[in-house]
Amino acid sequence: SGREQELITEDVLGHPGTAIPPPDGSGLLEQLLDLRAAFPDSSIAPILQNGQMPTIACKQVTKGSTLQDCLRAEKAVLVSGFMKRVSNGWDYYSSVEVAFLAKAGQSFDSTLLETSRAIRMSRLPDANDLWKVSPWNSTGDFVLSWNIEWANAKQNEGQRLLQLALSLVVFNASTKFVKLQAALEGAMQQLEETFAKSSPPSLVRELTEGSDATDGIMKQTAMLTKSEKGLIQEEKNTMPVHGLNFEKFLRDPAVSSMVGFRMRLIVVGHPSVPTFEVMRLFKNMQESQLAVAGRLPLIKHRTVLSDIDDTVHPAHDAATIAVSGQDTTPVVHGEIYPAIERVHRALVQYPEDNRACYPVFLSARPATLAQKSKPELQRLAKKIATDGQLRQAEGNKDRFCFILPGAHYIGSLLDSAVSILKQNLPGMQKGMIPALGKTKVKRVLQYVRLFPEPTYVFIGDDGQGDFEAARILLSLSRNQLRASELAQLEAQLAMSKGRLESVSDAVGKVRSLVSEKDGYVQLLRQQLKSPQPATRFSADNQPLFDFVAIKAVKTKSGYLFSQSTRQQRETLMKQIYGARRFFYFSDYDELWNKLKAANW
């Protein structure tokens, strides 16, 4: 089990909180992705040659191929790491560190390893059927490698997953992709600066009617769209995960095992796998009507989904047009809200295990601009994994996380901007943006196709459509996770019919009311009187989401919604969806106390 693996790791390591990938398909998959990312524009992998005294050589893998294509012909095993004896134990160096010292056929010199990049261990790991531990010459140091039976006709589940891991990673990393993405990000920042200099009425007019100005938003967007197409083409040429082999992996019953679950988490969360690639895999699953079936009893796991702007950190946009967000809480750029990591840590089972218990964010940005390396997201991921104590030893290495994008492309991002700008006009209900809420739900449904096992939590804010998302998410049940049911839900979202109809149609009617009464309070009261009550859950029909929490956006004049309005909303949501399933909070200390009181 995952817990057994963690206990072994804690027993092996000299200090808690640091982990070596477990000797299974998930560990191998992570190492292959690390290797691929470490050598852009080339395809180098360290190989321990069979039939000789242990020596390490570097094998050139054909660009665009998987390691399996190479190793079958060579009958070799993959070096997993190197153990160097020190005075009080051993230093462990990953396969990436070994590869750096064994480039292009050069001999491996263990004396050149940098101790600052090592993980200190109190003892050697126990050898088992997946590891091969061989002495390095006569120094007392050891080489750790994968011992894979290539021609075993009766492969067990673990061996199949190892073979699948070898076939998933394509060695095609390119520095060109990073440069193109950086250029696109720079152009996007210029567009955001243009937004900031404009007034809401003029922006709405230009976005809806168009403009011929050479420095206008429409011209800048056209240039961005052209750059985005070039980036998308480069992304397609450098996809790190083999699409057909990934589908083969999903169709293998072992995908629902604990190791298969961790392999899925690694593909999605690995820092080197771009959001665009994962969304392509999700789209392929939809088109093939594929959905992973959870193995009973379900793996015990909780995934925390979180909005970004005004939820993880202020959007720093409130002083201008407030397209990204409106929160004025004094948090400097690059920092996150106080105590947010304490809430995230308390909600997951093993927060130190960043490879499995990483945060999943929802962004309004398109996949091409949704970057896992964003400082605030990385800061939260690192604080979750380290109990809030960022150590110098953490270095610059990015942690695992994932971003579910909003807009499909940059052009569609402007549609969202128009909706946000309109709600800031006089007489409009604040925070009611059905299109944004529905998009978030669509992305969540794509995610649960691949991860049916966890229970989920959503944390958002009351500024831009998260209430629309909350009402739908709280109604989802586990019985809706079959491929056919998911397809039906997705169709309902696209057509605004069936049980989802009230989320968009009723909101549209309430928004037009010229009244001081809060539109959501009105809507929720109507729902309480409706002859069709909210979804009833039972032991045979359990909720997919444990709860939803909504953060109150703070403005210059107080809060976006008054304390009275927030209390009314929270009371009505609890009456409809359950007393322990909805929380309204002004800061993360308050949310912590509410969750504690509700025994979460």
Hey, can you grab everything whose amide H is under 5 Å from the amide H of Ile56? Only 5+ residues off in sequence or another chain; H modelled, so Pro and N-termini drop out. Phe108
Which of the residue pairs Lys103/Lys132; Lys63/Lys84; Lys179/Lys372; Lys179/Lys229; Lys300/Lys382 have a Cα-Cα distance greater than 25 Å in the structure shown? Lys63/Lys84
Would you kindly state how much longer the chain becomes between Gln233 and Thr194 on full extension, computed as 0.36 nm times their sequence separation minus their alpha carbon distance, in nm to one decimal? 11.3 nm
Computed accessible area, His408, all protein chains, 1.4 angstrom probe, square angstrom: 120
Does the range 225-298 classify as rounded, prolate or oblate by the C-alpha gyration tensor (a ≥ b ≥ c root eigenvalues; a/c under 1.5 gives rounded; else a/b over b/c gives prolate, otherwise oblate)? prolate
Would you kindly state how much longer the chain becomes between Arg525 and Lys556 on full extension, computed as 0.36 nm times their sequence separation minus their alpha carbon distance, in nm to one decimal? 8.2 nm
Simple spin-label estimate for Arg120/Lys219, 7 Å along Cα→Cβ, in nm, reads 6.1
Lys397 accessible area, 1.4 Å probe, all protein chains in place, Å² to nearest 10: 130
Heavy atoms of the protein only, probe of 1.4 Å, neighbouring chains included. What is the accessible area of Lys179 in Å², nearest 10? 140
Rounded to 0.05, the calculated FRET efficiency for the beta carbons of Glu247 and Glu485 at R₀ = 25 Å is 0.75
Rounded to one decimal in nm, the spacing of the 7 Å Cα→Cβ label points at Arg85 and Asp109 is 2.2
Give the ranking of Asp69, Asp587 by solvent-accessible surface, highest area first, calculated with a 1.4 Å probe. Asp69, Asp587
Please list, ordered by chain and number, the residues whose modelled amide H lies under 5 Å from the amide H of Phe361; skip anything fewer than 5 residues away on the same chain. Ser306, Phe402, Ile403, Leu404
Would you please give the FRET efficiency between Leu296 and Lys574, computed as 1/(1 + (r/R0)^6) with r the Cβ-Cβ distance and R0 = 25 Å, to the nearest 0.05? 0.20
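The values are calculated or read from the model by the stated rules, or taken from the named source; none is laboratory data. Being a predicted model, the structure only gives us computed values, none of them experimental. FYI the Cβ positions are ideal-geometry reconstructions off the backbone, even for glycines, and counts take in every protein chain you see. Please note that ligands, DNA and RNA were not included when accessible areas were found on the heavy atoms of the full protein model with its side chains. Shrake-Rupley method; radii C 1.70, N 1.55, O 1.52, S 1.80 Å.
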